[in-house]
Amino acid sequence: MSIETFYEVMRRQGISRRSFMKFCSLTAASLGLGPAFAPRIAHAMETKPRTPVIWLHGLECTCCSESFIRSAHPLAKDVVLSMLSLDYDDTLMAAAGFQAEAIIEDIKKKYKGNYILAVEGNPPLNEDGMFCIHGGRPFVEILRETAADAKAIISWGACASWGCVQAAKPNPTRATPVHKVITDKPIIKVPGCPPIAEVMTGVVTYMLTFDRIPELDRQGRPKMFYGQRIHDKCYRRPHFDGGQFVEHWDDEGARRGYCLYKMGCKGPTTYNACSTTRWNGGVSFPIQSGHGCIGCSEEGFWDKGGFYNRVTDIKAFGVESNADRLGGGVAAVAGAAVAAHAAVSALSRARSNNDKNPGGN
Amino acid sequence: MAVQVEVSGAAQTAAGRTVFVYEAPVRLWHWINALAISVLAVTGYLIASPLPSQPGEASDNFLMGYIRFAHFAAAYVFAIGFVARAYWALVGNHHARELFVPRLADREWWAGMRQELLWYAFIARQPRKYQGHNPLANLMMFLMVTLGSVFMIVTGFALYGEGGQAGHWANVLFTTWVLPLFGQSQDVHTWHHLGAWMMVVFVIVHVYAAIREDIMSRQTMIGAIINGERTFRS
Ligand code: SF4
């Protein structure tokens, strides 16, 4: 059997030529590439043999998959899913048991060095990885084996990218992000809890059509989706600049849609595309629904204290405090110390003056 | 230029003598810096914990915008002032260099440090006299003013570059590497905030020590940073 192109796969899935072209221009737009790129995407998909994707699940909650199958443009979902489900995703595919596990072996042999490994969740390393079992064996072993012959790895979500809640202190299972286990492959982090569906399909489509990984920032995230903060494109930003804040849930400011900064919004420190792409087909995103951003695509967001505090916790040396409490405390101590020192200084000066001229001054 | 060790007993610090210590650029920098730090501390606090919500149309208000503008403007003054001051350390007199190169390898300097600590612990009855900073003051200055300023400038511009976004000079020079170094943006915010409190603590101690030494060390401190001359008393 010769290897099919993407286009052939799509046509076999019953997708019309017209819909295919639509998908190409939409993808070009969502990748920020401009209309001229649509024919290039189409050409690539028509001529390139498709790259198989293996989608593994480690320690996770499957919210990435849930997000993924809700991709706004149904066609994007159909196309990418049809590409994926042909291969391996234990949550989405029809096959099960030994038959399913055989698929991994099959792809590894047939497409050695040529397939993409998408990882949702992460491997726990404690107790030899026994906290996450995949087909009777520790997930970390499957991950290492499958990664060995992969061309590149996509780390889906905060789990694979940073560790997420299962890695929260004290991290009893030693849940470890993928890039700390697999160090010899290019890794694309697509963080978020979950990541935005369009971002996920966008990344996959980019990699499949252009046969290279998108441009990444220093933390390994695709620049096209993680180059700006929520705050930079937030529609409540005028209220922020004007100093109009929600002070309490359900106050007048909340009703008027003021900025959620004082309610702990992490939009100013979170790099993601929510305020641009939004969620569920562009319907809304947390801030639009009246709740601040919790910063779910940022490293360590789960261990930084309250989602409703703007100045977050510092957990060092067992002290749990925030910068204001700690700094203010130190300043108060310094102030008190200065006052006490000044008092003692005055006393000792008075005494030494007395010593010098005992008859008084 | 050789760095001299000035300890008590030297003719220069004899009672009644006046020496010229702080050149005009150093004094000017000191006061501009003091002003910039005050503005930065207040506006910085208000950025993290904003004032009560403003009424009316968003388009009629720009309070946070102005507060942030004041913070950024003062930050530029602070940073440019620091660079200018570092330049003056190269071309100015040897007192101007103390802040940047504490004499850590000098035994005499450490002996002076010990003496100062004893003086502050009320054990020593007399402090030594110095033309410039005493070793303890010098070390504090180096740690909190010199290194502290560098820390605040680097983390501050990294945060500033976030708003500037990719391609902005501060983003290219600072944000791209400072964010991953600290973990993420929120961590940089937290550290910058702690740095600000450190500056506040420094100011408290600095002002106290200057006033105290002026009274108790028989040499002018406050006058010195105003007119540049230090007079020694008996
Ligand atoms: S709601 Fe959050 S992201 Fe939006 S302007 Fe306010 S702080 Fe920024």
Quiz item: Using the C-alpha gyration tensor of the stretch B:90-233, what are the square roots of 5 times its eigenvalues, in whole angstrom, with the largest one first?
Solution: 37, 16, 14
Self-check item: Helix-only [θ]222 nm of chain B, DSSP H runs n ≥ 4, -39500 (n - 2.57) each, per residue, nearest 500
Solution: -19500 deg cm²/dmol
Exercise. Quick one: check the C-alpha center-to-center distance for the stretch A:123-155 versus the stretch B:86-159, whole angstrom.
Key: 54 Å
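Whole-Å semi-axes of chain A's equivalent ellipsoid, largest first, each the root of 5 times a Cα gyration tensor eigenvalue?
Values: eigenvalues 544, 139, 57 Å².
One finds semi-axes of 52, 26, 17 Å for chain A.
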Exercise. Please report, in Å, the Rg and the Dmax of the stretch B:134-200, where both are computed over Cα atoms only.
Key: 13.4, 45
Self-check item: Positive dipole terminus of the stretch B:90-233, leading residue within B:LEU173, B:GLY156, B:MET216 (C-beta point charges)
Solution: B:MET216
Exercise. Kindly give the semi-axes, whole Å and largest first, of the ellipsoid equivalent to the stretch A:228-326, taking each as the square root of 5 times a Cα gyration tensor eigenvalue.
Key: 24, 17, 11
Quiz item: Where the centroid of each part is defined by its Cα atoms, how far is the stretch B:205-224 from the stretch A:1-71 in Å?
Solution: 73 Å
Self-check item: For A:GLU247, net neighbour charge (Lys/Arg +1, Asp/Glu -1) across residues whose Cβ lies under 13 Å away
Solution: +1
Quiz item: Is there a simple number for the mean count of other chain Cβ atoms within 10 Å of the Cβ of residues in B:42-50, and what is it?
Solution: 3
Quiz item: Most mobile of A:VAL344, A:VAL330, A:VAL246 per a Gaussian network model of chain A (Cα springs, under 10 Å)?
Solution: A:VAL344
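Determine the sum of side-chain charges near A:PRO222: Lys and Arg each +1, Asp and Glu each -1, restricted to other residues whose C-beta is under 9 angstrom from that of A:PRO222. Walk me through the numbers before you get to the answer.
Numbers: positive: A:LYS189, A:ARG221, A:LYS223; negative: A:GLU215, A:ASP217.
Spelling it out: positives minus negatives among the neighbours equals +1.
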Practice problem: Have a look at B:GLU23, B:GLU57, B:GLU108 and tell me which one the Gaussian network model of chain B (Cα, springs below 10 Å) gives the largest fluctuation. | Solution: B:GLU57
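Per residue of chain A, what 222 nm ellipticity follows from adding -39500 (n - 2.57) for every DSSP H run with n ≥ 4, rounded to the nearest 500? Show your work: numbers first, answer last.
Working: 15 runs with 149 residues, N = 361.
It lands at -12000 deg cm²/dmol.
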Practice problem: Quantify how strongly other chains surround peptide A:219-226 by giving the mean number of their Cβ atoms within 10 Å of each of its Cβ atoms. | Solution: 1
Exercise. Please identify, among A:GLY243, A:GLY292, A:GLY163, the residue showing maximal mean-square fluctuation in a Gaussian network model of chain A using a 10 angstrom Cα cutoff.
Key: A:GLY243
Quiz item: Hey, got the average number of other protein chain Cβ atoms within 10 angstrom for residues in A:337-345?
Solution: 4
Quiz prompt | Entries in A:LYS22/A:LYS48; A:LYS110/A:LYS189; A:LYS151/A:LYS223; A:LYS22/A:LYS180 that, when Cα-Cα distance is taken, lie over 30 Å | solution = A:LYS22/A:LYS180
Quiz item: When we measure straight from the Cα of B:LYS129, which aspartates and glutamates land under 12 angstrom away, once same-chain ones fewer than 8 places off are left out?
Solution: B:GLU6, B:GLU116, B:GLU213, B:ASP214
Quiz prompt | Isolated Cys residues of chain A, judged by Cβ distance under 4.7 Å to other cysteines | solution = A:CYS24, A:CYS61, A:CYS63, A:CYS64, A:CYS132, A:CYS234, A:CYS259, A:CYS265, A:CYS274, A:CYS293
Quiz item: How much net charge surrounds A:ALA38 when only other residues with a Cβ under 15 Å from its Cβ are counted (Lys, Arg +1; Asp, Glu -1)?
Solution: +3
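Quick note: the coordinates plus some simple rules give every number you see, no bench work behind them. This one's a predicted model, so the numbers in the text were calculated from it and none came from an experiment. For neighbour counting, all protein chains shown are included, and Cβ atoms are generated from backbone atoms with ideal geometry for every residue, glycine included.
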